[in-house]
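The values are calculated or read from the model by the stated rules, or taken from the named source; none is laboratory data. This is a predicted model, so every value here is computed, not measured. With ideal geometry, Cβ positions are generated from the backbone for all residues, glycine too; neighbour counts draw on all protein chains shown. Quick note on the areas: whole protein, heavy atoms, side chains included, nothing else; ligands and nucleic acids left out. Shrake-Rupley method; radii C 1.70, N 1.55, O 1.52, S 1.80 Å.
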Amino acid sequence: MAIAPGAVPREAAAVVAAPDLVRSPLFGVLHLTPAPGAAVFVQAGDTVDAGQTLCVVEAMKMFHEVKAPRRGVVEAILAQAGDEVQAGAALFRMQAVELL
């Protein structure tokens with residue numbers, strides 16, 4: 001079966017919907033790395049899978065993982081490591097993608 005000119009192969013990813021904001025689930029201190037001196041969980045431009053950890057928010061010495069709600073590309077990180085973030089504060093802007 002021939003592929004029509006301009007058709008996208010099934011394995012390609014297509015951008016769908018408007019950008020999503022990933023928000024903090026609670027008030028706390030934002031950590032973009034799993035430990036001091038470690039590499040960041042994600043950077044702007046990274047493609048992430050649904051459920052992948054984007055950061056952690058520390059509240060009362062408990063660390064709460066913030067995970068990607070769906071597969072997508074991290075367009076921007078909207079807060080800095082060490083920031084005190086409010087519940088509902090936007091932490092990341094993601095563009096959802098879907099495998100075709």
Please go through the stretch 65-87 and pick out each residue that is under 13 Å from VAL29 (Cα atoms) and either of a type in the set (Gly, Ala, Ser) or open to solvent by 70 Å² or more (accessible area, probe 1.4 Å) (or both).
-> GLU65, ALA79, GLN80, ALA81, GLY82, GLU84, GLN86, ALA87
If the Cβ limit is 8 Å and pairs must be 6+ apart or interchain, which residue in the stretch 23-42 that is closer than 12 Å to PHE63 by Cα and without any contact (Cβ under 8 Å) to a residue 60 or more places away in the chain pairs with which residue that is among the polar types (S, T, N, Q) and surrounded by 14 or more Cβ atoms within 10 Å (Cβ to Cβ)?
-> none
In the stretch 31-59, what residues are in contact with a strand residue (DSSP E or B) (Cβ under 8 Å, 6 or more places away or on another chain) and open to solvent by 80 Å² or more (accessible area, probe 1.4 Å)?
-> PRO34, GLN43
Name the residues in the stretch 33-50 that are of a type in the set (Asp, Glu) and within 16 Å of GLU65 (Cα to Cα), would you?
-> ASP49
So which residues in the stretch 61-80 are more than 15 Å from LEU21 (Cα to Cα) and either in contact (Cβ under 8 Å) with a residue 24 or more places away in the chain or assigned to a strand (DSSP E or B) (or both)?
-> MET62, PHE63, HIS64, GLU65, GLN80
